Amino acid sequence: VAALSVGIGFGLQEIVANFISGLILLFEQPIRVGDTVTVGNTSGVVTKIRMRATTIRDWDRFELLVPNKEFITGRLLNWSLSDHINRLVIEVGVSYGTNLKQAMDIALECAKAHPETLDDPAPFITFDEFGDNSLKLVLRCYLDSVDSRLGISSQLRYDINERFNAAGIVVAFPQQDVHLDTSQPLEISLRTSD
């Protein structure tokens, strides 16, 4: 009986932990139905909060049951707890020799012209680093909703690419330089396949 009691106790430990975590979620309300959250590696919209588990619908429309304990003991990012405004970050690398001021102005104009980016806080762009293959620019702009984030991100990248092409600005790509050792004569041979 003692061994059975210990076994049942260990078996119920997770259930009790999730139940108590569910009570904490209901009273403290770090998440609410309709919030966009990231818990662990799962992101999506909270559709149900129950005593044992919370249902999250991810971006592929799959519904995931997440034990309530993960919301209390793990890292929780609530994108919309008190404010729906979120920042979108777009990185673009331009080739060395590019007129940086022109490239930065074009990217910033694209962000300001998009109807769904916010004027306050205003978009801004920075020159972040001298990369191996590119000069790295980072555009940051703000949106008033997480829902259309993916579409706005795609549209901004498309607009920047179009404007860069029209201005003759090259988006950099990884490349390697090959250096030949010319201290000795090079042996070159042509072979045909049989």
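The values are calculated or read from the model by the stated rules, or taken from the named source; none is laboratory data. Treat the numbers as computed from the prediction; the structure is a model and nothing was measured. Positions of Cβ are backbone-derived with ideal geometry, glycine not excepted, and every protein chain shown enters the neighbour counts. Keep in mind that these areas ignore ligands, DNA and RNA; they rest on the heavy atoms of the full protein, side chains included. Shrake-Rupley method; radii C 1.70, N 1.55, O 1.52, S 1.80 Å.
Packing around the peptides 96-104, 68-76, taken as the average count of other Cβ atoms within 10 Å per residue, puts them in this order, highest first: 68-76, 96-104. Taking a ≥ b ≥ c as the square roots of the eigenvalues of the Cα gyration tensor of region 21-69, is the shape rounded (a/c under 1.5), prolate (a/b larger than b/c) or oblate? The shape class here is prolate. Under the convention that each Lys and Arg Cβ holds +1 and each Asp and Glu Cβ holds -1, the size of the dipole of region 1-151 around its Cα centre is about 560 debye. The number of Lys pairs in the chain with C-alpha atoms less than 30 Å apart, excluding pairs fewer than 8 positions apart on the same chain, is 4. Highest mean first, the peptides 13-25, 177-189 sorted by other C-beta atoms within 10 Å per residue fall in the order 13-25, 177-189.
Taking every protein chain into account, the accessible area of the chain amounts to 68 square angstrom per residue (probe 1.4 Å). Model label sites at Y96 and Q184, defined 7 Å from Cα along the beta-carbon direction, differ in position by 2.9 nm. Helix 100-113: angle to the longest alpha-carbon principal axis of the chain, degrees 0 to 90, nearest 10? Once rounded, the angle reads 40 degrees.
May I ask you to derive the FRET efficiency for F127 and L64 from their Cβ-Cβ distance with R0 = 45 Å, giving the value to the nearest 0.05? E(calc), rounded to 0.05, equals 0.70. To put it simply, the accessible area of the chain at a 1.4 Å probe is 54 percent carbon and sulfur.
Is any residue of region 28-70 close enough, with backbone N under 16 Å, to a label point placed 7 angstrom from the Cα of S82 along the Cα-Cβ axis, and if so, which? What the label zone holds, given the 16 Å backbone N cut-off, is 28-32. Helix 149-167 axis versus longest C-alpha principal axis of the chain: approximately 10°, rounded to the nearest ten. What the Cα atoms of the chain give is an Rg and a Dmax of 26.5, 88 Å.
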